[in-house]
Amino acid sequence: MIGSGPSALYFLKHLLDGCGTLGDSLEGVVVFEKTDLAGYGMPYHPETTDRYNRANISSEELPELPETLFDWLEGRDAGELGGWGIAKEGLSKSEVYCRLALGGYFNAQFVEVMRRLREEGVEVEVKISSTVEDIADGEKAGGSVEGGGGGGFDTVVIASGHAWPGSDRPEEGFYASPWPIFKLLPEENGFLDFPIGTLGASLSAFDVISSLSHRHGRFSDKDGKLAFRAHMGAENFRVVMHSSEGWLPHLQWDQVEAFREIYRHVTRDELLSMRGKNGFLRLETFFDRVCRPALVKAFTADGIAEVAGMLGSEDFGFAAFVEEMSGRHEYLDLLEGRRKKRVKARDSVKTTGPYIGRKPSTI
């Protein structure tokens, strides 16, 4: 397995859960990790992020591992929690904590899952500071891993995480990505006393803002609102986010006019009333009573009268609608569609560049 972050962790947990079924067919697992710390993952690694970068998932949202994030945090002492900006009192299963805390949790679960695999008789080896250079096809199914002290394997699982293909140009004030976050930070006791620009206004942009602002000033409560006051020498520091879709566009948060509404076509009470005697809502019922009238309006507005006409017939049900639209879709296979879009995106980046900015104000 290449990589030891959350994807690798949950795959190993899947193997652990299936040990009884796999039997002797699972002889061993070798994990290659390019850093000297296994079990963290790029977004939560202490070499990548800092205490001011928050995760985007809470304990109650995380899939099952040997121990929950909430229980693991409760077992930490006040000093360790304080280093992450977390108070021992008031821990919550629904709270979102900093990425470093989540990384520590993933690391602890990684160690525990590995221990349990060994108890099940599975040989486990973790190779840290091992960079995999290539994967070559073998004579049997699977292949060989080259570099990092590799070898031959029946199956190779790639869980290498994020890749940032763009190149930084710090002499021009340009960074293709904010990771690792430390490359953006000023020298100790120094300030970036000029405006900073971000292309994008979603989670990574907020990470940049959080890491930099906490080093250039302090936050305080003013009339029930959070106020920021810059430190002396950082009076010209500010961050300007650039986005065509608003803040956190993928979450549709703080939009003046939301792009999506949960009960846009039906009220909550109406939706609940559609449930059958067994308490479940049939897909066909939802399609007929909620989707069909909304789709008729949408296709009519888009000038696709033939589909709107089909939807006007009760005989044209959900299965028929799926079949009709599948024939009209550019692609049916999701992965194939993503490959096509990736080519278009790559050509666009080559033409226009991923980020454009001016020295020294662009990040």
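Here is a check on your reading of the model: is PHE228 at pLDDT 90 or above, of a type in the set (A, V, I, L, M, F, W, C) and part of a strand (DSSP E or B)?
Yes.
This table checks each residue for (1) modelled with pLDDT of 90 or more; (2) in the same structural domain as VAL30 (by TED's automatic domain parsing); (3) of a type in the set (A, V, I, L, M, F, W, C); (4) assigned to a loop (DSSP other than H, G, I, E, B).
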residue	(1), (2), (3), (4)
ALA141	no, yes, yes, yes
SER144	no, yes, no, no
TRP179	yes, no, yes, yes
PHE182	yes, no, yes, no
PHE191	yes, no, yes, yes
ASP207	yes, no, no, no
SER210	yes, no, no, no
SER213	yes, no, no, no
SER244	no, no, no, yes
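Which pairs turn up if I take residues in the stretch 270-285 that are among the charged types (D, E, K, R) and look for partners that are surrounded by 10 or more Cβ atoms within 10 Å (Cβ to Cβ) with beta carbon separation below 7 Å, at least 6 apart in sequence or on another chain?
Filtered contacts from the stretch 270-285: ARG275/LEU281; GLU284/GLY317; GLU284/PHE318.
The values are calculated or read from the model by the stated rules, or taken from the named source; none is laboratory data. Nothing here was measured: the structure is a model prediction, and the numbers come from that model. Don't worry about glycine lacking a Cβ; one is built from the backbone with ideal geometry, like all the others, and counts go over all protein chains shown.
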